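Peer 1: Take this structure first; my questions come after.
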């Protein structure tokens with residue numbers, strides 16, 4: 001099992017560019033989540049999904065979009081990158097209560 | 001008021017010391033409680049769940065006080081490898097979405 005995988009590991013974007021952060025899990029988990037973590041801060045929930053075809057907003061959804069066409073994949077889309085979106089992005093999945101995290105994507109917007 | 005509050009530290013302790021972290025949460029409907037560990041520049045990983053009766057896993061003991069909405073983590077005989085950030089985590093209330101609320105974390109540095 002690869003667990004939760006994320007690509008890319010690092011990315012630098014210019015203001016106004018778009019990109020998709022990829023997340024995949026091979027544990028057949030129904031629940032998947034996207035978080036962002038700013039330096040010295042806790043994780044903030046961006047979007048989550050309770051199953052294929054179902055997504056919902058978390059605490060900080062503005063500037064992001066998600067889709068969940070399969071159980072395995074949960075990509076996060078940034079349409080118009082802004083410096084405020086500079087952060088580390090973690091994807092996670094869970095079957096019950098324990099969440100398993102991917103290694104993260106470090107995104108810088110300049 | 002933050003939903004989950006922790007003292008960010010850092011806590012600097014010598015090897016072998018006992019150290020305790022505390023956490024308070026605001027949602028009285030929360031049902032599940034956890035401590036996660038996050039190493040520098042890495043993803044969080046589950047350290048232990050926290051049960052109402054308190055639970056122990058080796059050198060780690062977790063306690064829950066529902067009346068005071070308070071969670072604690074005790075680490076005995078600290079090792080250098082315990083240096084990390086410890087995240088207090090609470091589920092987002094009674095809804096069945098698996099949503100978790102993370103505290104900002106308490107940083108522990110164990111010195112030789």
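Peer 1: Consider residue A:11 carefully, then state whether it is touching a residue at least 60 places away in the same chain (Cβ under 8 Å), assigned to a strand (DSSP E or B) and surrounded by 16 or more Cβ atoms within 10 Å (Cβ to Cβ). Spell out the reasoning first.
Peer 2: Working: touching a residue at least 60 places away in the same chain (Cβ under 8 Å): yes; assigned to a strand (DSSP E or B): yes; surrounded by 16 or more Cβ atoms within 10 Å (Cβ to Cβ): yes.
In short, yes.
Peer 1: On to the next question. When the range A:75-92 is examined, which residues are found to be farther than 17 Å from residue A:24 by Cα and either modelled with pLDDT under 95 or more than 14 Å from every other protein chain (Cβ to nearest Cβ) (or both)?
Peer 2: A:78, A:79, A:80, A:81, A:82, A:83, A:84, A:85, A:86
Peer 1: For the range B:71-86, indicate whether the set of residues that are at pLDDT below 95 and in a loop (DSSP other than H, G, I, E, B) is non-empty.
Peer 2: Taking the range B:71-86 first, the residues at pLDDT below 95 are none.
Scanning the range B:71-86 turns up no residue that is at pLDDT below 95 and in a loop (DSSP other than H, G, I, E, B).
Peer 1: Here's another thing I want to ask about it. Among the residues of the range B:97-112 satisfying the criterion of being surrounded by fewer than 22 Cβ atoms within 10 Å (Cβ to Cβ) and free of Cβ contacts under 8 Å to residues at least 24 places away in the same chain, which is nearest to the chain's Cα centre (by Cα)?
Peer 2: B:99
Peer 1: Which residue out of A:59, A:72 is within 29 Å of residue B:31 (Cα to Cα), surrounded by 13 or more Cβ atoms within 10 Å (Cβ to Cβ), more than 10 Å from the chain's Cα centre (by Cα) and at the interface with chain B (Cβ under 9 Å from one of its Cβ atoms)?
Peer 2: Values: A:72 fails: at the interface with chain B (Cβ under 9 Å from one of its Cβ atoms).
Every option except A:59 fails the conditions.
Peer 1: To continue, here is another question. Would you mind telling me which numbered condition in (1) more than 18 Å from residue B:91 (Cβ to Cβ); (2) over 15 Å from the mean Cα position of the chain (by Cα); (3) within 11 Å of another protein chain (Cβ to nearest Cβ) residue B:38 fails?
Peer 2: Condition not satisfied by residue B:38: (2).
Peer 1: Give me the residue from the range A:26-40 that is over 20 Å from residue B:91 (Cβ atoms) and within 14 Å of another protein chain (Cβ to nearest Cβ) and, out of that set, surrounded by the fewest Cβ atoms within 10 Å (Cβ to Cβ). Steps first, answer last, please.
Peer 2: To start, the set of residues in the range A:26-40 that are over 20 Å from residue B:91 (Cβ atoms) comprises A:26, A:28, A:38-40.
Next, only the ones that are within 14 Å of another protein chain (Cβ to nearest Cβ) stay: A:38-40.
Numbers: A:38: 13, A:39: 7, A:40: 10.
Looking at the filtered set, the residue picked out is A:39.
Peer 1: Any chance you could count how many residues in the range B:58-96 are surrounded by fewer than 20 Cβ atoms within 10 Å (Cβ to Cβ), closer than 18 Å to residue B:36 by Cβ and within 14 Å of chain A (Cβ to nearest Cβ)?
Peer 2: 0
Peer 1: Name, by its number, the condition in (1) at pLDDT below 95; (2) in a strand (DSSP E or B) that does not hold for residue A:96.
Peer 2: (2)
The values are calculated or read from the model by the stated rules, or taken from the named source; none is laboratory data. Small disclaimer: the values here were computed from a predicted structure and weren't measured. Every residue, glycine as well, gets a Cβ built from its backbone with ideal geometry; the counts of neighbours run over all protein chains shown.
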